[in-house]
Amino acid sequence: MIRVVAAFLMTAGSAFAQDFSGLARIDHAASAITDTRQGMAVDLQLSQIVPYRVFTLDEPRRLVVDFREIDWTGTDKTQLDQSDIASDIRFGAFQAGWSRLVVDLSEPVVLKAAEMTVNQLDNTAKLTLVLRDADQVEFAATSGAPVSAAWDIATAQPSLPAPTPEDGPLTVVLDPGHGGVDPGAIQGGVVEANLMLKLAIEVAEALNRTGQVRAILTREADIFVPLEGRMTIARAAKADLFISLHADALEVDEARGASIYTLNAEGSDRAAARMAERHERGDLLAGVDLSEQDDRVATVLMDLARAETEPQSQRFAEQAVAALRDAGARLNSRPRREGRLAVLNAPDFASVLIEVGFLSNANDRAMLSTPSGRAPVVEGIVSGVLTWAREEAARAPLVRQ
Ligand SMILES: [Zn+2]
């Protein structure tokens, strides 16, 4: 099938004569996404010209606009999105140097025109996208990311850690959930992505202070890193242990306290299924095209590796539950959970997902929002890692004989 890609990248000489050092700001009063008689229009009034590209993705249908780079501060979702075709929008940093706008499309529309015009008097710029009604067949035929997912992975790792020698210190990769265009749960003014980054930095610093562990983060800023990028970072760092950090918000439950997930390929309990449902569309919704990825490779080697790492993950989860309890952190009534979660799927290192609490629970939210409230969580994770590392080291000679 020929994939027609609607991508426009500014390459005009005048564009590069500009100074891109500052972020472009949005003139909110003069910007809107609106329905037109034959489709939809996106008008963004910007403080300066920026390179951009635009494309659509299918399943779910969305319009993606990448900019280099926009400051979204103060952008109000409902003010910007005045269109019925645009059923929802997300915007924010995507990777270092890129910003992204994702528009969910309730109807198929295809790009008819894309233009950035510059006001010669004040150097402000206006991006105008015109989309016209289409049928699903035409939409599917014109949809697809301009380059493969490799673009996302390549740009997602600005500072890859140097590989360690085989017998170097234990390497723990901390993965603050969400980021950038994908904020995760938002409740009472607390944003999951920002909170998890704070917590991950605190845990990493505490781990590095022990001198026994080298801790690395999958992201160090409010940027979006797709799942493949997180895995690549962990692999390049020669991770022994991968810890993904989350704090979900639920509408109905009175769920509270920390719980730890490990992989169970056989199936998921209700909480794990809900966790997967809420998180595994993250890449899709952020506009990552997963259609060309195929993970069904080298299954025998993966099974062999997994035979070692799966019990390691489970032993870490047990240690972490005990250590969190000892440190005085609030635990969920069922602190050990299992499920089919893609983020735990790497066969070559132990992986857990720690739900440190629920942003929907007022007590959890208040506790997680302050450094002193997070301290028992940090202490519990660090002490769980150290105990686990000791026990695995004692076990290793037996395994490797
Ligand atoms: Zn989350």
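Values quoted throughout were computed directly from the atomic coordinates according to the rules given, and no laboratory measurement underlies them. Values in this document were obtained by computation on a predicted structure and should not be read as measured data. Cβ atoms come from the backbone with ideal geometry, glycine included; neighbour counts cover every protein chain shown.
Some notes on this structure:
- Sequence-distant aspartates and glutamates (8 or more away, or on other chains) whose Cα lies within less than 16 Å of Lys112: Asp35, Asp43, Asp133, Asp135, Glu138
- Percent of C-alpha pairs per 10 Å bin in the range 57-127, short distances first: 16, 44, 35, 5, 0.
- One way to sum up the overall shape of the range 310-401 is the equivalent ellipsoid from its Cα gyration tensor, whose semi-axes run 27, 16, 10 Å, largest first.
- Cα extents of the range 13-146 along the three principal axes, largest first (Å): 41, 29, 26
- Highest average packing first - 84-94, 326-336, 116-126, Cβ atoms within 10 Å: 84-94, 326-336, 116-126
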